[in-house]
1. Before anything else, pin down the relative contact order of the stretch B:1-54: Cα pairs under 8 Å, at least 6 apart, normalised by residue count, whole percent.
2. Mind checking which of B:Leu133, B:Leu105, B:His179 is farthest towards the positive end of the stretch B:64-181's charge dipole, using Cβ charges of +1 (Lys, Arg) and -1 (Asp, Glu) about the Cα centre?
3. D for the stretch A:64-124, whole µm²/s, Stokes-Einstein with Kirkwood Rh over alpha-carbon pairs at 20 °C and 1.002 mPa s: what number?
4. Students sometimes get this wrong: rank B:Arg77, B:Arg17 by accessible area, probe 1.4 Å, all chains present, largest first.
5. Using +1 at the C-beta of Lys and Arg and -1 at the C-beta of Asp and Glu, which of B:Ala6, B:Ala31, B:Phe53 has the Cα lying farthest in the positive direction of the dipole of the stretch B:1-54?
6. Take the eigenvalues of the Cα gyration tensor for the protein assembly as shown, scale each by 5, and report the square roots as semi-axes in whole Å, largest first.
7. Taking the Cα centre of the protein assembly as shown as origin and charging only Cβ (+1 Lys, Arg; -1 Asp, Glu), how large is the dipole, in debye to the nearest 20?
8. Given a cut-off of 23 Å, what percent of all Cα-Cα pairs of the stretch A:13-127 lie beyond it?
There are 2 protein chains.
Amino acid sequence: MTDEPALRADARRNRERILAAAEEVFLERGAAVSLDDVAKRAGVGIGTLYRRFPTREALLAAAYSARFLKFAAASRRRAEKSDPMSALRAYLQELVQHTNVYRGLAASLGAVLQVGTPGCLATSAEGARILQLAQTAGMVRADITFDDIVCVATAISLATQQNGSSKSQIAHLVDVFVHGIDNSKAAR
Amino acid sequence: MTDEPALRADARRNRERILAAAEEVFLERGAAVSLDDVAKRAGVGIGTLYRRFPTREALLAAAYSARFLKFAAASRRRAEKSDPMSALRAYLQELVQHTNVYRGLAASLGAVLQVGTPGCLATSAEGARILQLAQTAGMVRADITFDDIVCVATAISLATQQNGSSKSQIAHLVDVFVHGIDNSKAAR
DNA sequence: TTATATATGGAGGCATCTTCCACTTAGCAA
DNA sequence: TTGCTAAGTGGAAGATGCCTCCATATATAA
């Protein structure tokens, strides 16, 4: 949409510092830490942080962008070697795991994904693409949308974070959902 | 557990005022309003509010208790006239709708349900009961827990509150989940 | 009436968010 | 090189909200 007006060199440097600091701090202490702390860690004034990232979601989305880019690419590669259903299952499972990397991100996953960061865009696009494939192949109910997927990922992420999340529990819940959207009569 | 030590008359009166104020304010402005505002509306000091309700969840749960009691009773009545699967579906759908009555309750639904308010207890018990029935009848996969239900309700509530929630969207998501836990081979 | 356990209000300390603006600086044009 | 200026900066300050604490007030039982 609005193409960026090109940052000054120092501003770009500070932006990177903020992102690196955010990544660290979010990992250590969850997505709800004080933004003052992020600024401090970055060695930058709080005003600078706000100028670059007007909302917490914007910062979260930006910090996540690289991670999400990799995820989307990996998913794409995997999808080429497997049937759409398995690909979708794997996508969902990994989306949850990525969401769980920052404690407390789950509740805002929807909001974060809607920020137009490259990583978020790629992740959404890839998810929609796989879903479409599975539906075209008649493997998944036609009335499922990508928003449904995000909703489910949120749910699973929430659930596994409150208790002591385990990979197997995630797999279990993913399984339930995949079973729910499966279109074949003999599912399970 | 710990039976209440019987409040003094004035304390009981204030407690009621706080609950009434909380109900009003939560309805008007969501579950995240400042507790100071609730106290002000109730014509009571903030200290009094904290003495009676040590956490926001405790207050939410208490304010909700009556509503949840009715819900649980209605659900119970309905369950007698229908098969467990429909009952479960209706339960889940209404749980989401009730959760959406206060904007922003969704995120703490799990925490709220765990507060030992009569309404919360009844709601949990009723949900667990219906689930059990459906499982005993072999209609629902045995590996589903009531926590799974709460988790799904939370997510659906979150998702439908961010966008412009519509009854039909809720119904759709509930449907997907119910289909997912359905145990019959020929589901759908 | 009095003693006392119970209850009260709200000031105060703390954390965080967010805005704003006087000052600084990168980068360009002369 | 030297200004000039638009872009950028830091952090103080004002708001808001959480929660604790305690001097004061009051219900109630004896």
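The values are calculated or read from the model by the stated rules, or taken from the named source; none is laboratory data. From a predicted model like this one, the values you see are computed outputs, not experimental measurements. All Cβ positions, even for glycine, are placed from backbone atoms using ideal geometry, and neighbour counts span all protein chains on display. Surface areas here come from the heavy atoms of the whole protein model, side chains and all, with no ligands, DNA or RNA. Shrake-Rupley method; radii C 1.70, N 1.55, O 1.52, S 1.80 Å.
1. Once normalised by length, the contact order is 34 percent.
2. Checking the options against the dipole of the stretch B:64-181, the answer is B:Leu105.
3. Value of D from the Cα-based Kirkwood radius: 181 µm²/s.
4. These residues rank, largest area first, as B:Arg77, B:Arg17.
5. Working it through, the farthest residue towards the positive pole turns out to be B:Ala6.
6. After scaling each eigenvalue by five and taking roots: 36, 33, 15 Å.
7. On the way: 48 positive and 38 negative charges, 52 e Å.
Computed charge dipole of the protein assembly as shown: roughly 240 debye.
8. 31 percent
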